[in-house]
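The values are calculated or read from the model by the stated rules, or taken from the named source; none is laboratory data. Bear in mind the structure is a predicted one, so any value in this text is a computation, not a measurement. Using ideal geometry, Cβ is built from the backbone for each residue, glycine included, and neighbour counts are taken over all protein chains shown.
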Amino acid sequence: MSIDQLRERWGDSLLTALTILMLIMMFVVAPLQALGLFEFQIFELLLALVLVGGVFLMSGSALAVIAMLVALVMIVTGAVLRLRSPSILDLNLFAGAWLLVGITMAVTVARATFAPGRITYHRVVGAVLLYLTVAIIFSALYTFIGTLAPDAFPGMKVEDSPALASRVIYFSFATLTTTGYGDVAPLHPIARSLCNLEAIFGQLYPATLLARLVTLQIEHRDEES
């Protein structure tokens, strides 16, 4: 079976599979890695490989696959440097890798989710995946700012640590869902500007595009019944 046939048959289902994978990486692997369990750093690399394969099947774009592979190389390089001598370099490698992964996935998922055709359950889940991916993109941006301005986020120390991913993901979702700041807050002007952008997206996206997709999916389901 060719790649095109696989994409046509499993393209929408991949949206759901990648969503589950992303949820595991953010809310299971990252917290366990923060506890200092080295095995989950290896598990993160394995999941990243699966992400590369999923993006390849979904997009069919050589550019997207190259971007994901470059990000994977950056993650592996950062992990090796962290084991030898933790520094600001491997921290920025991780941030750059996940920024590249986030942007590539966002473009790929958006094209698959909002493509012409019938709105399926998998496409609605894909819209949720896009929402999660935006949080990853901002997490990487917050990491960059934290390395350049150590006092940008009072209450959150941006340092080379296995716990950093869990910290910035927590902060990003607190911003995206506008649940408010208690223990961490943005202080740097650029950090505040990014937080404003993420909060605006977090409010408008579910109320507009996501809600519209759900409505169309229900309408199509009712037409078939």
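Does Ala152 meet the test of being outside any helix (DSSP H, G or I) and in contact with a Pro (Cβ under 9 Å, 6 or more places away or on another chain)? Walk me through how you get there before you give the answer.
Numbers: outside any helix (DSSP H, G or I): yes; in contact with a Pro (Cβ under 9 Å, 6 or more places away or on another chain): yes.
Yes.
I'd like to verify a number: residues in region 57-116 that are modelled with pLDDT of 85 or more, surrounded by fewer than 18 Cβ atoms within 10 Å (Cβ to Cβ) and not hydrophobic (A, V, I, L, M, F, W, C), how many?
2
Provide a single number: the residues in region 155-182 that are surrounded by fewer than 22 Cβ atoms within 10 Å (Cβ to Cβ) and outside any helix (DSSP H, G or I).
The qualifying residues number 14.
Can you tell me which residue in region 117-140 is farthest from Arg192 (Cα to Cα), limited to those that are surrounded by 22 or more Cβ atoms within 10 Å (Cβ to Cβ) and among the polar types (S, T, N, Q)?
Thr133
Of all residues in region 25-56, count the ones that are β-branched (Val, Ile, Thr) and surrounded by 15 or more Cβ atoms within 10 Å (Cβ to Cβ). Please lay out each step first, then the result.
Here is the first cut: in region 25-56, the ones β-branched (Val, Ile, Thr) are 28-29, 42, 50, 52, 55.
After this cut, where a residue has to be surrounded by 15 or more Cβ atoms within 10 Å (Cβ to Cβ) as well, the list is 29, 52, 55.
Going through region 25-56 one residue at a time, the tally reaches 3.
Of the conditions (1) assigned to a helix (DSSP H, G or I); (2) touching a residue at least 24 places away in the same chain (Cβ under 8 Å); (3) surrounded by fewer than 15 Cβ atoms within 10 Å (Cβ to Cβ), Phe201 satisfies every one except a single condition; which number is it?
(3)
Kindly evaluate Val124 against the criterion of being farther than 25 Å from Ala95 by Cβ and part of a helix (DSSP H, G or I). Full working, then the answer.
Values: farther than 25 Å from Ala95 by Cβ: yes; part of a helix (DSSP H, G or I): yes.
Answer is yes for this residue.
Can you tell me how many residues within region 164-207 are modelled with pLDDT of 90 or more and aromatic (Phe, Trp, Tyr)?
Residues meeting the conditions: 4.
Please tell me if Thr143 is in a helix (DSSP H, G or I), touching an Asp or Glu at 6+ places or on another chain (Cβ under 6 Å) and surrounded by 15 or more Cβ atoms within 10 Å (Cβ to Cβ).
So Thr143 fails the test.
Taking Gln33 as meeting all but one of (1) in contact with a Pro (Cβ under 8 Å, 6 or more places away or on another chain); (2) at pLDDT below 75, write down the number of the exception.
Looking at each condition in turn, Gln33 falls short on (2).
Looking at Ala110, Ala106, Ala115, which one is outside any helix (DSSP H, G or I) and of a type in the set (A, V, I, L, M, F, W, C)? Let's see the steps before the verdict.
Values: Ala110 fails: outside any helix (DSSP H, G or I); Ala106 fails: outside any helix (DSSP H, G or I).
None of the others qualify; the one that does is Ala115.
Checking Arg111 against (1) in contact with a helix residue (DSSP H, G or I) (Cβ under 6 Å, 6 or more places away or on another chain); (2) farther than 18 Å from Ser172 by Cβ, only one condition comes out false. Which one?
Single failed check for Arg111: (1).
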